[in-house]
Every structure is written in C-alpha cells, then in structure tokens.
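Trainee: Questions regarding the structure given below will be posed in turn.
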Amino acid sequence: MLNKNHPRYQSLVYRDKIVKAHENGILADSGMIAHGRGETFDYLIGEKTTDNSQNTIDVAACYFLTSKNPVLSVNGNTTALVSEEIAQLADLLDIPVEINLYYRTPERIVNIEKVYRDLGVKNILGTDDDDFIDTPDLDGPRSPVSIEGIKKADLVFIPLEDGDRAEKLYALGKDIVNVDLNPLSRTAQTSTVTIVDNIVRVMPALIKSVEKYSNYDNSDLQEKIDKFNNKVNLDTAIHDIIKRFE
C-alpha cells in the first residue's frame, strides 16, 4: 500500500510501476538500476519541467511535425512508465512504435508488444516477426533495427537510451530526439534535441505541444528549429541545476 501522504508519494508510484514491470517480464534487472540513477538527476533539477525544458519539448514537437518518417523507439523503462502516452503520440502523429532492447528475449518482446497492442497501437515494429538490418558500426543486441522503421526513419525518438546507439544513429544523418535527465551523458551530448526532464512529465507535455504546433505553418516550425542549439540547451540545463544550489 502506498501512503498518499508520503512526501515522496509520486516517486513511490513510479518505483512501483518499475517493480511491477519487472515482475511482468517487461523490464530487465538493470532497468531498475537505471531508474534509480534517473531519480538522482530529477532531484537535482527540482523534479519539475524548467522553462528551458519546455522550450526543448516545443522544439521536439516541431521536429516531429516537419519530419517525413519519425519513429518512436521504446524499451522496458519507457514502456513501464509512459506506455499510454507513447500510444497517444503514435496515434496523434500516425507513426510506428519500434521495440529495441539491450537485454532482448522472446518473452520480453512478446510482453512489451502486448502492452502496446492492448493500448491500440496499430504499427508495432521490432518484434521477432520483423525484418531487421544491423546498424553500421554498432555491435551488440541493439544493433538490429526494423527495415521498415528506424532504418527508413529521418527522426528517431529514443527516450531513456544508451549513448552508443544514439551516436551511431546520429552519424547516419538521422535527427535524434531524446529524453535524458543527465545533461552530461553521451546520449544527451550526441542527440539533435535533448529534453533534460523526467519522461513522465515530458510525454504529456510533448503531446500537448504537438497538438499546439500542428496548427502552425511549416515555415514557422522550421524557424523555431533553426533557432535551437542543443549545446546551448544543455549548458542552460546544467546552469539551472547549479542555480538551485547557489
């Protein structure tokens, strides 16, 4: 039983989701460690969406709306925490969801696929029935990507990611939008757009932002994209943390 009066109640809710995802064969053991590491950085940013992060979410929405073949890449942690929002965004943009796991097993793939099927996602890639191709210069279990998904994509959304895949996908000329509470990580430093915020806050805000900017002309969207600099974004995110402890 979770005590709603507990000062860390919301954090406990997310932890409970992580634990249940592990019990249900969705999350690997290491995913629990990764969640704890993310919590640490969330404390540092004040467990809120900063003005800088909101601007970056808006820029990400503009990227989604101007790209030709965007793909939402998901893993166990993303599925555990924001599967409903992933399904909403996929429906809103009419784009595929691709499963990509480091600790890939047939059981985990089936379990994660079922989560998104039950949420009404129509186009799910990365299952064991898919056709794959390896990502150039990337070794390991995350190298294979769907030929109809990430292989063709001009934009890949990779929340809660490992840096080596972000680097290789970016090197292929793809725009990378990621969510990473650690502004110093390889993923954050490599990506086109890094949203330094908690995925549970980002996804609802991103959906609202896509809905808002869907009414804008492409020229206006492109102007917002052109004004964005990810290095400045990350420097601002780091400065926002420092300001909290001055």
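Quick note: the coordinates plus some simple rules give every number you see, no bench work behind them. Remember, it's a predicted structure, so these values are computed and weren't measured experimentally. We place every Cβ from the backbone using ideal geometry, glycine too, and count neighbours over all the protein chains shown.
Trainee: Can you order the peptides 56-62, 17-23 by their average number of other Cβ atoms within 10 Å per residue, highest first?
Mentor: Packing proxy ranking, top to bottom: 56-62, 17-23.
Trainee: How long are the three semi-axes of the equivalent ellipsoid for the stretch 129-246, computed from the Cα gyration tensor as the root of 5 times each eigenvalue, in whole Å, largest first?
Mentor: Semi-axes, largest first: 26, 20, 13 Å.
Trainee: OK, next. Too long at a 32 Å Cα-Cα cut-off: which of LYS68/LYS243; LYS20/LYS174; LYS151/LYS224?
Mentor: From the list (LYS68/LYS243; LYS20/LYS174; LYS151/LYS224), the Cα-Cα distance tops 32 Å for LYS68/LYS243; LYS20/LYS174.
Trainee: Between LEU101, LEU138, LEU234, which gets the highest mean-square fluctuation from a Gaussian network model of the chain, Cα cutoff 10 Å?
Mentor: LEU138
Trainee: Okay, next question. In whole Å, what is the distance between the alpha-carbon centres of the stretch 130-145 and the stretch 3-74?
Mentor: 25
Trainee: Using a Gaussian network model on the chain with a 10 Å cutoff between Cα atoms, which of GLU223, GLU211, GLU113 fluctuates the most?
Mentor: GLU223
Trainee: Compute and list, largest first, the equivalent-ellipsoid semi-axes of the stretch 76-134 from the alpha carbon gyration tensor, each √(5λ) rounded to a whole angstrom.
Mentor: Each semi-axis is √(5λ); the values are 18, 13, 10 Å.
Trainee: If you put +1 on each Lys and Arg Cβ and -1 on each Asp and Glu Cβ, how big is the dipole of the chain around its Cα centre, in Debye rounded to 20?
Mentor: For the chain, the charge dipole is close to 600 debye.
Trainee: Tally Lys and Arg at +1 and Asp and Glu at -1 over the other residues with C-beta under 13 Å from the C-beta of SER67: what net charge comes out?
Mentor: Here the count lands on 0.
Trainee: Right, here's the next one. With point charges of +1 on the Cβ of Lys and Arg and -1 on the Cβ of Asp and Glu, referenced to the Cα centre of the chain, which listed residue (ILE112, THR40, PHE132) lies farthest in the positive direction of the dipole?
Mentor: With unit charges placed on the Cβ atoms, the residue in question is THR40.
Trainee: Another one. Which residue, ALA166, ALA34, ALA90, has the most motion in a Gaussian network model of the chain that connects Cα atoms within less than 10 Å?
Mentor: ALA34
Trainee: Before anything else, pin down the relative contact order of the stretch 1-94: Cα pairs under 8 Å, at least 6 apart, normalised by residue count, whole percent.
Mentor: 36
Trainee: Which ³J(HN,Hα) values, rounded to whole Hz and listed in residue order, are derived for the stretch 56-63 from phi using the Karplus coefficients 6.51, -1.76 and 1.60 in 6.51 cos²θ - 1.76 cosθ + 1.60 with θ = phi - 60°, glycine and proline given as x?
Mentor: 5, 4, 5, 5, 4, 4, 5, 4
Trainee: Charges only on Cβ, +1 for Lys and Arg, -1 for Asp and Glu: so what's the dipole of the stretch 121-246 about the Cα centre, in debye to the nearest 20?
Mentor: Its charge dipole is roughly 480 debye.
Trainee: Oh, and also: Let me know the shape class of the chain, please: from the alpha-carbon gyration tensor, a ≥ b ≥ c as square roots of the eigenvalues, rounded when a/c is under 1.5, otherwise prolate if a/b is greater than b/c, or oblate.
Mentor: Note, shape of the chain comes out rounded.
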